[in-house]
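Trainee: Here's a structure for you.
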Amino acid sequence: MFIFEPVNDNLSVFLAKSEVKAHDLEHKRKLAFNIRKYAETVVKGKQQFNDLDLARRKAKNVKWKVMENLDKYLEQFEKNFTARGGKVIWAETAEDALEAVLQICKEKNTRQVVKAKSMVTEEIHLNAFLAKHGIDSVETDLGEYIQQLDGEAPYHIVTPAMHKSKEDVAKLFHEKLGVAPNLTPTELTQIARRNLREKYTTSEVGITGGNFLLADVGAVCVSENEGNGRLSTSFPKTQIAIVGIEKMLPSINDLPLFWPLLATYGTGQNVTVYNTIFTGGRQQGENDGPEEMYVVLLDNGRTNLLRKEVRESMYCIRCGSCLNACPVYKNIGGHAYGATYSGPIGSVITPHLKGMSEFKHLSYASSLCGNCTEVCPLKINIHEMLLENRHIAVEEGLNTFTENTTWKVWRQAMLSRTLINAAPAGIKAKVVNKLFKKSWVDSRSEIKFAPKTFNQLWKERSSGK
Ligand code: SF4
(Lines give C-alpha, C1' and ligand atoms only; values in the text may rest on other atoms or scores of the structure.)
Protein backbone atom coordinates (compact mmCIF):
# COMPACT_ATOMS: atom_id res chain seq x y z
CA MET A 1 0.00 0.00 0.00
CA PHE A 2 1.53 3.29 -1.08
CA ILE A 3 0.84 6.02 1.44
CA PHE A 4 0.80 9.54 0.02
CA GLU A 5 -1.78 11.04 2.29
CA PRO A 6 -1.26 12.74 5.65
CA VAL A 7 -1.62 10.07 8.31
CA ASN A 8 -4.96 10.54 10.07
CA ASP A 9 -5.95 8.56 13.18
CA ASN A 10 -7.83 5.90 11.25
CA LEU A 11 -4.99 5.38 8.84
CA SER A 12 -2.36 5.14 11.56
CA VAL A 13 -4.48 2.61 13.48
CA PHE A 14 -4.93 0.64 10.26
CA LEU A 15 -1.21 0.64 9.50
CA ALA A 16 -0.17 -0.23 13.04
CA LYS A 17 -2.67 -3.07 13.46
CA SER A 18 -2.00 -4.47 9.98
CA GLU A 19 1.73 -4.49 10.64
CA VAL A 20 1.26 -6.50 13.85
CA LYS A 21 -1.23 -8.99 12.41
CA ALA A 22 0.63 -9.54 9.16
CA HIS A 23 3.59 -10.84 11.17
CA ASP A 24 1.55 -12.87 13.65
CA LEU A 25 1.91 -16.45 12.41
CA GLU A 26 -0.40 -17.89 15.07
CA HIS A 27 -3.15 -15.50 13.98
CA LYS A 28 -2.66 -16.55 10.36
CA ARG A 29 -2.81 -20.21 11.36
CA LYS A 30 -6.15 -19.78 13.16
CA LEU A 31 -7.73 -17.80 10.34
CA ALA A 32 -6.42 -20.22 7.71
CA PHE A 33 -7.81 -23.18 9.70
CA ASN A 34 -11.29 -21.66 10.01
CA ILE A 35 -11.40 -20.39 6.43
CA ARG A 36 -10.26 -23.77 5.09
CA LYS A 37 -13.13 -25.48 6.91
CA TYR A 38 -15.50 -22.90 5.42
CA ALA A 39 -14.13 -23.37 1.90
CA GLU A 40 -14.63 -27.14 2.09
CA THR A 41 -18.31 -26.86 3.04
CA VAL A 42 -19.10 -24.13 0.51
CA VAL A 43 -18.13 -26.47 -2.33
CA LYS A 44 -20.73 -28.97 -1.05
CA GLY A 45 -23.39 -26.29 -0.52
CA LYS A 46 -23.05 -25.07 -4.11
CA GLN A 47 -24.02 -28.51 -5.39
CA GLN A 48 -27.64 -27.87 -4.44
CA PHE A 49 -28.02 -25.42 -7.34
CA ASN A 50 -28.86 -26.82 -10.76
CA ASP A 51 -27.51 -23.69 -12.37
CA LEU A 52 -25.57 -21.64 -9.86
CA ASP A 53 -24.58 -18.96 -12.34
CA LEU A 54 -28.21 -18.40 -13.31
CA ALA A 55 -29.20 -18.18 -9.62
CA ARG A 56 -26.52 -15.57 -9.01
CA ARG A 57 -27.54 -13.53 -12.05
CA LYS A 58 -31.22 -13.68 -11.04
CA ALA A 59 -30.37 -12.52 -7.52
CA LYS A 60 -28.34 -9.65 -8.90
CA ASN A 61 -31.28 -8.64 -11.10
CA VAL A 62 -33.64 -8.66 -8.13
CA LYS A 63 -31.31 -6.42 -6.16
CA TRP A 64 -30.85 -4.15 -9.17
CA LYS A 65 -34.63 -3.73 -9.34
CA VAL A 66 -34.78 -3.00 -5.61
CA MET A 67 -32.10 -0.32 -5.68
CA GLU A 68 -33.63 1.40 -8.71
CA ASN A 69 -36.95 1.62 -6.82
CA LEU A 70 -35.85 1.64 -3.20
CA ASP A 71 -38.11 4.51 -2.15
CA LYS A 72 -41.16 2.69 -3.51
CA TYR A 73 -40.29 -0.60 -1.79
CA LEU A 74 -39.58 1.07 1.54
CA GLU A 75 -42.98 2.75 1.52
CA GLN A 76 -44.66 -0.48 0.49
CA PHE A 77 -42.91 -2.24 3.37
CA GLU A 78 -44.06 0.40 5.85
CA LYS A 79 -47.66 0.26 4.63
CA ASN A 80 -47.86 -3.51 4.88
CA PHE A 81 -46.02 -3.82 8.18
CA THR A 82 -48.04 -1.11 9.92
CA ALA A 83 -51.32 -2.59 8.61
CA ARG A 84 -50.92 -5.38 11.17
CA GLY A 85 -50.08 -3.03 14.01
CA GLY A 86 -46.29 -3.01 13.64
CA LYS A 87 -44.47 0.27 14.10
CA VAL A 88 -41.89 1.61 11.70
CA ILE A 89 -39.24 4.10 12.77
CA TRP A 90 -37.20 5.86 10.08
CA ALA A 91 -33.68 6.48 11.33
CA GLU A 92 -31.56 8.71 9.16
CA THR A 93 -28.56 8.47 11.47
CA ALA A 94 -27.13 6.14 14.12
CA GLU A 95 -28.20 8.69 16.75
CA ASP A 96 -31.82 8.56 15.55
CA ALA A 97 -31.81 4.77 15.84
CA LEU A 98 -30.19 4.80 19.27
CA GLU A 99 -32.62 7.39 20.62
CA ALA A 100 -35.58 5.42 19.30
CA VAL A 101 -34.38 2.21 20.97
CA LEU A 102 -33.70 4.04 24.22
CA GLN A 103 -37.17 5.60 24.22
CA ILE A 104 -38.78 2.18 23.80
CA CYS A 105 -36.62 0.69 26.57
CA LYS A 106 -37.56 3.59 28.86
CA GLU A 107 -41.27 3.14 28.10
CA LYS A 108 -40.97 -0.55 28.94
CA ASN A 109 -38.93 0.32 32.00
CA THR A 110 -36.35 -2.33 31.18
CA ARG A 111 -32.82 -2.63 32.53
CA GLN A 112 -31.87 -5.56 30.32
CA VAL A 113 -32.34 -6.50 26.66
CA VAL A 114 -31.41 -9.69 24.83
CA LYS A 115 -29.90 -9.28 21.40
CA ALA A 116 -29.55 -11.67 18.48
CA LYS A 117 -26.56 -11.34 16.15
CA SER A 118 -26.75 -8.12 14.16
CA MET A 119 -24.00 -6.16 12.41
CA VAL A 120 -26.20 -3.07 12.24
CA THR A 121 -26.33 -2.86 16.03
CA GLU A 122 -22.52 -3.11 15.99
CA GLU A 123 -22.44 -0.31 13.44
CA ILE A 124 -24.41 2.03 15.68
CA HIS A 125 -22.60 0.83 18.85
CA LEU A 126 -25.87 -0.05 20.53
CA ASN A 127 -24.42 -2.02 23.46
CA ALA A 128 -22.14 0.80 24.60
CA PHE A 129 -24.95 3.35 24.24
CA LEU A 130 -27.43 1.29 26.26
CA ALA A 131 -24.78 0.57 28.90
CA LYS A 132 -24.30 4.35 29.30
CA HIS A 133 -28.00 4.55 30.10
CA GLY A 134 -27.88 1.72 32.61
CA ILE A 135 -29.30 -0.95 30.30
CA ASP A 136 -27.52 -4.27 29.95
CA SER A 137 -27.53 -5.58 26.38
CA VAL A 138 -26.82 -9.31 26.36
CA GLU A 139 -25.44 -10.94 23.21
CA THR A 140 -27.08 -14.32 22.68
CA ASP A 141 -25.32 -15.61 19.55
CA LEU A 142 -22.46 -17.83 20.78
CA GLY A 143 -19.78 -16.07 18.72
CA GLU A 144 -21.06 -12.65 19.81
CA TYR A 145 -21.33 -13.87 23.42
CA ILE A 146 -17.64 -14.88 23.28
CA GLN A 147 -16.69 -11.51 21.81
CA GLN A 148 -18.74 -9.62 24.38
CA LEU A 149 -17.07 -11.57 27.21
CA ASP A 150 -13.71 -10.59 25.74
CA GLY A 151 -14.72 -6.94 25.27
CA GLU A 152 -14.03 -7.17 21.54
CA ALA A 153 -16.01 -6.23 18.43
CA PRO A 154 -16.83 -9.03 15.96
CA TYR A 155 -13.92 -10.11 13.79
CA HIS A 156 -15.98 -11.15 10.81
CA ILE A 157 -19.48 -10.29 9.62
CA VAL A 158 -20.67 -13.91 9.80
CA THR A 159 -18.24 -15.56 12.23
CA PRO A 160 -17.64 -13.05 15.03
CA ALA A 161 -14.95 -15.07 16.85
CA MET A 162 -13.20 -16.42 13.77
CA HIS A 163 -9.76 -15.50 15.11
CA LYS A 164 -10.14 -17.57 18.27
CA SER A 165 -9.28 -21.26 18.66
CA LYS A 166 -11.25 -23.56 20.96
CA GLU A 167 -8.35 -23.29 23.43
CA ASP A 168 -8.64 -19.47 23.38
CA VAL A 169 -12.36 -19.72 24.16
CA ALA A 170 -11.76 -22.22 26.99
CA LYS A 171 -9.19 -19.85 28.50
CA LEU A 172 -11.55 -16.89 28.16
CA PHE A 173 -14.43 -18.72 29.88
CA HIS A 174 -12.07 -19.78 32.64
CA GLU A 175 -10.88 -16.21 33.22
CA LYS A 176 -14.24 -14.45 32.88
CA LEU A 177 -16.70 -17.00 34.21
CA GLY A 178 -14.49 -18.87 36.67
CA VAL A 179 -15.19 -22.27 35.12
CA ALA A 180 -12.60 -25.05 34.88
CA PRO A 181 -9.87 -24.47 32.28
CA ASN A 182 -9.55 -26.64 29.16
CA LEU A 183 -13.25 -27.41 28.76
CA THR A 184 -14.38 -28.93 25.47
CA PRO A 185 -16.43 -26.95 22.90
CA THR A 186 -19.55 -28.91 23.94
CA GLU A 187 -19.03 -28.05 27.61
CA LEU A 188 -18.37 -24.42 26.79
CA THR A 189 -21.53 -24.21 24.71
CA GLN A 190 -23.55 -25.69 27.56
CA ILE A 191 -22.22 -23.05 29.94
CA ALA A 192 -23.15 -20.25 27.54
CA ARG A 193 -26.56 -21.83 27.05
CA ARG A 194 -27.20 -22.08 30.81
CA ASN A 195 -26.15 -18.47 31.37
CA LEU A 196 -28.31 -17.18 28.52
CA ARG A 197 -31.52 -19.11 29.22
CA GLU A 198 -32.32 -17.01 32.23
CA LYS A 199 -31.67 -13.79 30.29
CA TYR A 200 -34.34 -14.59 27.70
CA THR A 201 -37.03 -14.99 30.30
CA THR A 202 -36.10 -11.90 32.29
CA SER A 203 -35.78 -9.38 29.46
CA GLU A 204 -38.61 -7.07 28.55
CA VAL A 205 -37.17 -6.23 25.12
CA GLY A 206 -35.57 -8.44 22.46
CA ILE A 207 -33.49 -6.90 19.68
CA THR A 208 -32.63 -8.44 16.32
CA GLY A 209 -31.24 -7.31 13.02
CA GLY A 210 -32.72 -8.58 9.79
CA ASN A 211 -31.30 -10.47 6.84
CA PHE A 212 -34.09 -9.40 4.52
CA LEU A 213 -37.05 -7.02 4.50
CA LEU A 214 -40.04 -8.15 2.43
CA ALA A 215 -41.93 -5.31 0.80
CA ASP A 216 -45.01 -7.25 -0.34
CA VAL A 217 -45.88 -8.77 3.03
CA GLY A 218 -44.23 -6.17 5.26
CA ALA A 219 -41.94 -8.58 7.10
CA VAL A 220 -38.45 -8.94 8.52
CA CYS A 221 -36.56 -12.21 7.92
CA VAL A 222 -33.95 -13.45 10.36
CA SER A 223 -31.67 -16.40 9.59
CA GLU A 224 -29.64 -18.01 12.36
CA ASN A 225 -28.23 -21.37 13.40
CA GLU A 226 -28.61 -21.43 17.16
CA GLY A 227 -32.24 -20.63 17.87
CA ASN A 228 -31.16 -17.64 19.93
CA GLY A 229 -32.92 -15.27 17.52
CA ARG A 230 -36.22 -17.03 18.12
CA LEU A 231 -35.70 -17.13 21.88
CA SER A 232 -34.80 -13.42 21.89
CA THR A 233 -38.11 -12.65 20.21
CA SER A 234 -40.40 -15.18 21.89
CA PHE A 235 -40.05 -14.38 25.59
CA PRO A 236 -39.66 -10.57 25.63
CA LYS A 237 -42.93 -8.68 25.26
CA THR A 238 -41.40 -6.19 22.85
CA GLN A 239 -39.33 -6.87 19.76
CA ILE A 240 -37.19 -4.31 17.97
CA ALA A 241 -35.63 -5.16 14.61
CA ILE A 242 -32.97 -2.72 13.44
CA VAL A 243 -32.39 -3.19 9.73
CA GLY A 244 -30.39 -1.38 7.06
CA ILE A 245 -32.55 -0.16 4.18
CA GLU A 246 -30.48 -2.13 1.67
CA LYS A 247 -31.88 -5.41 3.00
CA MET A 248 -35.07 -4.98 0.99
CA LEU A 249 -36.50 -7.69 -1.29
CA PRO A 250 -39.63 -7.08 -3.35
CA SER A 251 -41.45 -10.25 -2.39
CA ILE A 252 -41.68 -13.27 -0.12
CA ASN A 253 -41.30 -15.24 -3.38
CA ASP A 254 -37.67 -14.09 -3.58
CA LEU A 255 -36.74 -16.05 -0.48
CA PRO A 256 -36.40 -19.46 -2.19
CA LEU A 257 -33.57 -17.85 -4.15
CA PHE A 258 -31.98 -15.69 -1.45
CA TRP A 259 -32.15 -18.06 1.54
CA PRO A 260 -30.07 -20.82 -0.08
CA LEU A 261 -27.66 -18.29 -1.60
CA LEU A 262 -27.04 -16.66 1.76
CA ALA A 263 -26.65 -20.00 3.55
CA THR A 264 -24.35 -21.52 0.94
CA TYR A 265 -22.06 -18.53 0.58
CA GLY A 266 -22.18 -17.67 4.27
CA THR A 267 -21.51 -21.05 5.85
CA GLY A 268 -21.75 -23.73 3.16
CA GLN A 269 -25.15 -24.93 4.37
CA ASN A 270 -28.02 -25.70 2.01
CA VAL A 271 -30.20 -23.52 4.15
CA THR A 272 -29.68 -21.90 7.55
CA VAL A 273 -31.15 -23.88 10.47
CA TYR A 274 -33.69 -21.30 11.69
CA ASN A 275 -35.33 -18.93 9.21
CA THR A 276 -38.03 -16.78 10.74
CA ILE A 277 -40.35 -14.32 9.03
CA PHE A 278 -41.56 -11.69 11.51
CA THR A 279 -44.70 -9.89 10.42
CA GLY A 280 -45.39 -7.87 13.56
CA GLY A 281 -46.61 -8.32 17.10
CA ARG A 282 -49.00 -10.96 18.34
CA GLN A 283 -52.39 -10.84 16.61
CA GLN A 284 -55.76 -11.48 18.21
CA GLY A 285 -56.21 -15.17 18.93
CA GLU A 286 -52.46 -15.92 18.74
CA ASN A 287 -50.81 -17.46 21.79
CA ASP A 288 -47.19 -16.52 21.42
CA GLY A 289 -44.78 -13.96 20.03
CA PRO A 290 -44.08 -10.43 21.28
CA GLU A 291 -46.99 -8.13 22.07
CA GLU A 292 -45.40 -5.30 20.10
CA MET A 293 -42.90 -5.11 17.27
CA TYR A 294 -40.92 -2.14 15.99
CA VAL A 295 -38.77 -1.99 12.88
CA VAL A 296 -36.07 0.66 12.77
CA LEU A 297 -35.20 1.34 9.12
CA LEU A 298 -31.63 2.58 9.20
CA ASP A 299 -30.00 4.79 6.61
CA ASN A 300 -26.84 5.99 8.42
CA GLY A 301 -25.02 6.85 5.19
CA ARG A 302 -26.48 4.11 3.01
CA THR A 303 -28.12 6.55 0.63
CA ASN A 304 -24.58 7.81 -0.15
CA LEU A 305 -24.00 4.37 -1.64
CA LEU A 306 -26.76 4.92 -4.17
CA ARG A 307 -24.39 7.02 -6.32
CA LYS A 308 -23.94 5.12 -9.56
CA GLU A 309 -20.24 4.24 -9.17
CA VAL A 310 -20.82 2.17 -6.02
CA ARG A 311 -24.54 1.41 -6.13
CA GLU A 312 -23.89 -2.31 -6.54
CA SER A 313 -22.47 -2.41 -3.03
CA MET A 314 -26.08 -1.97 -1.84
CA TYR A 315 -26.83 -5.45 -3.27
CA CYS A 316 -24.69 -7.02 -0.54
CA ILE A 317 -26.40 -9.69 1.57
CA ARG A 318 -23.51 -9.79 4.08
CA CYS A 319 -22.60 -13.42 3.46
CA GLY A 320 -18.94 -12.80 4.31
CA SER A 321 -17.68 -14.77 1.32
CA CYS A 322 -15.51 -11.94 -0.01
CA LEU A 323 -13.75 -11.65 3.37
CA ASN A 324 -12.84 -15.33 3.33
CA ALA A 325 -11.45 -15.02 -0.18
CA CYS A 326 -9.44 -11.86 0.36
CA PRO A 327 -5.65 -12.17 0.70
CA VAL A 328 -5.57 -8.88 2.61
CA TYR A 329 -8.25 -9.93 5.14
CA LYS A 330 -6.49 -13.28 5.61
CA ASN A 331 -3.30 -11.46 6.53
CA ILE A 332 -4.47 -8.55 8.63
CA GLY A 333 -7.75 -9.89 10.10
CA GLY A 334 -10.96 -8.05 10.86
CA HIS A 335 -10.02 -5.52 13.53
CA ALA A 336 -7.27 -3.77 11.58
CA TYR A 337 -9.82 -2.09 9.31
CA GLY A 338 -11.08 -0.02 12.23
CA ALA A 339 -14.64 -0.33 10.94
CA THR A 340 -17.67 -2.53 11.55
CA TYR A 341 -17.59 -3.95 8.03
CA SER A 342 -14.19 -5.33 7.18
CA GLY A 343 -12.75 -7.11 4.14
CA PRO A 344 -13.36 -6.08 0.54
CA ILE A 345 -16.99 -5.01 0.90
CA GLY A 346 -16.13 -3.09 4.07
CA SER A 347 -13.39 -1.26 2.17
CA VAL A 348 -15.93 -0.25 -0.47
CA ILE A 349 -18.73 0.94 1.80
CA THR A 350 -16.91 2.34 4.86
CA PRO A 351 -15.56 5.47 3.12
CA HIS A 352 -19.15 6.31 2.08
CA LEU A 353 -20.69 5.44 5.45
CA LYS A 354 -18.08 7.11 7.62
CA GLY A 355 -16.32 9.68 5.48
CA MET A 356 -14.13 9.45 2.39
CA SER A 357 -11.31 11.57 3.78
CA GLU A 358 -11.11 9.49 6.99
CA PHE A 359 -11.37 6.07 5.34
CA LYS A 360 -10.19 6.41 1.75
CA HIS A 361 -7.08 4.43 2.65
CA LEU A 362 -9.22 1.27 2.86
CA SER A 363 -9.75 1.43 -0.89
CA TYR A 364 -6.03 0.71 -1.22
CA ALA A 365 -6.19 -2.30 1.12
CA SER A 366 -6.51 -4.58 -1.87
CA SER A 367 -4.30 -6.43 -4.29
CA LEU A 368 -7.09 -5.94 -6.90
CA CYS A 369 -6.85 -9.66 -7.63
CA GLY A 370 -10.63 -9.73 -8.13
CA ASN A 371 -11.17 -12.84 -6.02
CA CYS A 372 -13.83 -10.99 -4.01
CA THR A 373 -15.85 -10.29 -7.15
CA GLU A 374 -15.40 -13.89 -8.26
CA VAL A 375 -16.82 -15.38 -5.03
CA CYS A 376 -19.65 -12.91 -4.42
CA PRO A 377 -23.06 -14.61 -4.77
CA LEU A 378 -24.48 -11.35 -6.13
CA LYS A 379 -21.60 -10.89 -8.60
CA ILE A 380 -20.93 -7.46 -7.13
CA ASN A 381 -18.00 -5.79 -8.88
CA ILE A 382 -16.21 -5.25 -5.60
CA HIS A 383 -12.67 -4.75 -6.85
CA GLU A 384 -13.79 -2.31 -9.52
CA MET A 385 -15.61 -0.28 -6.90
CA LEU A 386 -12.39 -0.06 -4.91
CA LEU A 387 -10.93 1.65 -7.96
CA GLU A 388 -14.03 3.84 -8.20
CA ASN A 389 -13.48 4.91 -4.59
CA ARG A 390 -9.93 5.96 -5.40
CA HIS A 391 -11.27 7.91 -8.36
CA ILE A 392 -13.95 9.58 -6.22
CA ALA A 393 -11.34 10.57 -3.66
CA VAL A 394 -9.28 12.23 -6.41
CA GLU A 395 -12.37 13.97 -7.83
CA GLU A 396 -13.19 15.28 -4.39
CA GLY A 397 -9.71 16.73 -4.12
CA LEU A 398 -8.72 14.50 -1.21
CA ASN A 399 -5.35 13.53 -2.66
CA THR A 400 -2.34 15.48 -1.54
CA PHE A 401 0.11 17.70 -3.42
CA THR A 402 2.80 15.00 -3.01
CA GLU A 403 0.55 12.37 -4.56
CA ASN A 404 -0.40 14.61 -7.48
CA THR A 405 3.22 15.54 -8.15
CA THR A 406 4.45 11.95 -7.86
CA TRP A 407 1.95 10.67 -10.37
CA LYS A 408 2.65 13.58 -12.73
CA VAL A 409 6.38 12.81 -12.70
CA TRP A 410 5.67 9.10 -13.04
CA ARG A 411 3.38 9.70 -16.00
CA GLN A 412 5.91 11.95 -17.73
CA ALA A 413 8.63 9.38 -17.27
CA MET A 414 6.48 6.46 -18.43
CA LEU A 415 5.43 8.29 -21.56
CA SER A 416 8.96 9.19 -22.58
CA ARG A 417 11.27 6.41 -23.73
CA THR A 418 14.16 8.91 -23.91
CA LEU A 419 13.63 9.89 -20.28
CA ILE A 420 13.47 6.28 -19.09
CA ASN A 421 16.63 5.43 -20.99
CA ALA A 422 18.51 8.53 -19.96
CA ALA A 423 19.34 7.53 -16.39
CA PRO A 424 21.58 4.53 -15.66
CA ALA A 425 20.03 1.56 -13.80
CA GLY A 426 21.83 2.42 -10.54
CA ILE A 427 20.44 5.96 -10.42
CA LYS A 428 16.91 4.78 -11.26
CA ALA A 429 17.08 2.19 -8.48
CA LYS A 430 18.28 4.82 -6.02
CA VAL A 431 15.43 7.22 -6.84
CA VAL A 432 12.67 4.59 -6.84
CA ASN A 433 13.91 2.91 -3.66
CA LYS A 434 14.04 6.23 -1.89
CA LEU A 435 10.58 7.19 -3.11
CA PHE A 436 9.02 3.89 -2.08
CA LYS A 437 11.17 3.21 0.98
CA LYS A 438 8.36 3.16 3.53
CA SER A 439 5.66 1.66 1.36
CA TRP A 440 7.72 -1.03 -0.34
CA VAL A 441 11.42 -1.38 0.49
CA ASP A 442 11.11 -1.54 4.29
CA SER A 443 8.72 -4.47 4.24
CA ARG A 444 9.89 -6.22 1.06
CA SER A 445 13.21 -5.76 -0.73
CA GLU A 446 14.95 -3.12 -2.82
CA ILE A 447 13.72 -2.72 -6.37
CA LYS A 448 16.40 -3.56 -8.91
CA PHE A 449 16.63 -2.36 -12.50
CA ALA A 450 18.18 -4.44 -15.29
CA PRO A 451 21.60 -3.05 -16.30
CA LYS A 452 20.50 -2.71 -19.91
CA THR A 453 17.27 -1.03 -20.99
CA PHE A 454 14.71 -2.80 -23.13
CA ASN A 455 15.67 -0.50 -26.02
CA GLN A 456 19.32 -1.47 -25.78
CA LEU A 457 18.50 -5.18 -25.67
CA TRP A 458 16.16 -4.84 -28.63
CA LYS A 459 18.74 -3.00 -30.70
CA GLU A 460 21.43 -5.53 -29.83
CA ARG A 461 19.16 -8.38 -30.76
CA SER A 462 18.16 -6.79 -34.04
CA SER A 463 21.77 -6.12 -35.00
CA GLY A 464 22.66 -9.73 -34.08
CA LYS A 465 25.21 -8.77 -31.37
S1 SF4 B 1 -20.08 -8.24 -1.19
FE2 SF4 B 1 -20.85 -10.21 -1.93
S3 SF4 B 1 -19.40 -11.70 -1.08
FE4 SF4 B 1 -19.08 -9.82 0.09
S5 SF4 B 1 -20.41 -10.01 1.88
FE6 SF4 B 1 -21.59 -8.93 0.30
S7 SF4 B 1 -22.74 -10.50 -0.77
FE8 SF4 B 1 -21.13 -11.55 0.36
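Trainee: Restricting segment 126-136 to residues that are open to solvent by less than 50 Å² (accessible area, probe 1.4 Å) and touching a strand residue (DSSP E or B) at 6+ places or on another chain (Cβ under 6 Å), which is nearest to residue 350 (Cα to Cα)?
Mentor: 127
Trainee: I would also like to ask the following. How many residues does segment 92-125 hold that are open to solvent by 50 Å² or more (accessible area, probe 1.4 Å), outside any helix (DSSP H, G or I) and either farther than 21 Å from residue 223 by Cβ or modelled with pLDDT of 95 or more (or both)?
Mentor: Number satisfying all stated conditions: 5.
Per-residue answers, yes or no, for (1) among the hydroxyl-bearing types (Ser, Thr, Tyr); (2) at pLDDT below 95; (3) more than 13 Å from the ligand (Cβ to nearest atom); (4) under 15 Å from the mean Cα position of the chain (by Cα):
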{"residue": "338", "(1), (2), (3), (4)": "no, no, yes, yes"}
{"residue": "353", "(1), (2), (3), (4)": "no, no, yes, yes"}
{"residue": "377", "(1), (2), (3), (4)": "no, no, no, yes"}
{"residue": "387", "(1), (2), (3), (4)": "no, no, yes, no"}
{"residue": "401", "(1), (2), (3), (4)": "no, yes, yes, no"}
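Trainee: Please specify each residue of segment 360-379 satisfying the condition of being over 24 Å from residue 67 (Cβ atoms) and not polar (S, T, N, Q).
Mentor: 361, 364, 365, 368, 369
Trainee: Now a separate question. Could you check segment 280-315 and list, in sequence order, the residues that are part of a helix (DSSP H, G or I) and of a type in the set (D, E, K, R)?
Mentor: Hits for segment 280-315 are 302, 308, 309, 311, 312.
Trainee: I would also like to ask the following. Give the residue that is farthest from residue 19 (Cα to Cα), with candidates limited to residues of segment 347-361 that are part of a helix (DSSP H, G or I) and small (Gly, Ala, Ser).
Mentor: Checking each candidate, the answer is 357.
Trainee: Could I ask something else about it? Among the numbered criteria (1) aliphatic (A, V, I, L, M); (2) in contact with a Ser or Thr (Cβ under 6 Å, 6 or more places away or on another chain); (3) within 16 Å of the ligand (Cβ to nearest atom), which single criterion is violated by residue 332?
Mentor: Against the list (1) aliphatic (A, V, I, L, M); (2) in contact with a Ser or Thr (Cβ under 6 Å, 6 or more places away or on another chain); (3) within 16 Å of the ligand (Cβ to nearest atom), residue 332 comes up short only on (3).
Trainee: Identify all residues within segment 315-335 that are among the hydrophobic types (A, V, I, L, M, F, W, C) and more than 12 Å from the chain's Cα centre (by Cα); write none if there are none.
Mentor: Once the filter is applied, which keeps residues that are among the hydrophobic types (A, V, I, L, M, F, W, C) and more than 12 Å from the chain's Cα centre (by Cα), segment 315-335 yields 325, 326, 328, 332.
Trainee: Scan (1) within 13 Å of the ligand (Cβ to nearest atom); (2) among the basic types (Lys, Arg); (3) within 17 Å of residue 389 (Cβ to Cβ) for the single condition residue 318 breaks and write down its number.
Mentor: The failed condition is (3).
Trainee: Looking at (1) within 16 Å of the ligand (Cβ to nearest atom); (2) open to solvent by 40 Å² or more (accessible area, probe 1.4 Å); (3) among the basic types (Lys, Arg); (4) closer than 20 Å to residue 222 by Cβ, can you tell me which one residue 311 breaks?
Mentor: (4)
Trainee: Let me ask you something else. Going through 292, 286 one at a time, which residue ends up being free of Cβ contacts under 8 Å to residues at least 24 places away in the same chain and among the acidic types (Asp, Glu)?
Mentor: 286
Trainee: Among what's in segment 355-375 and is of a type outside the set (D, E, K, R) and within 12 Å of the ligand (Cβ to nearest atom), pick the residue that is nearest to residue 309 (Cα to Cα).
Mentor: My answer is 373.
Trainee: For segment 166-195, how many residues are touching a Pro at 6+ places or on another chain (Cβ under 8 Å) and of a type in the set (A, V, I, L, M)?
Mentor: Looking only at that region, the number is 2.
Trainee: Can you tell me which residue is surrounded by the fewest Cβ atoms within 10 Å (Cβ to Cβ) among those in segment 5-27 that are in contact with a helix residue (DSSP H, G or I) (Cβ under 7 Å, 6 or more places away or on another chain) and more than 30 Å from residue 396 (Cα to Cα)?
Mentor: My answer is 22.
Residues checked against (1) open to solvent by less than 70 Å² (accessible area, probe 1.4 Å); (2) of a type in the set (Ser, Thr, Tyr); (3) closer than 26 Å to residue 152 by Cβ:
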| position | (1), (2), (3) |
| --- | --- |
| 332 | yes, no, yes |
| 341 | yes, yes, yes |
| 373 | yes, yes, no |
| 386 | yes, no, no |
| 397 | yes, no, no |
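Trainee: Specify which of the listed residues (17, 37, 87) is closer than 22 Å to residue 444 by Cβ and of a type in the set (Lys, Arg).
Mentor: Within the list 17, 37, 87, the selection yields 17.
Trainee: I've got another one for you. With 253, 275 as the choices, which residue is at pLDDT 95 or above, away from the ligand (no atom under 16 Å from the Cβ) and assigned to a helix (DSSP H, G or I)?
Mentor: Unique residue meeting the criteria: 253.
Trainee: Test of understanding: among 300, 275, which residue is on the phi > 0 side of the Ramachandran plot and open to solvent by 20 Å² or more (accessible area, probe 1.4 Å)?
Mentor: Unique residue meeting the criteria: 300.
The values are calculated or read from the model by the stated rules, or taken from the named source; none is laboratory data. None of the values given here were measured: they were computed from a predicted structure. Positions of Cβ are backbone-derived with ideal geometry, glycine not excepted, and every protein chain shown enters the neighbour counts. Ligands, DNA and RNA are stripped out before the accessible areas are found, and what is left, the full protein with its side chains, is counted by its heavy atoms. Shrake-Rupley method; radii C 1.70, N 1.55, O 1.52, S 1.80 Å.
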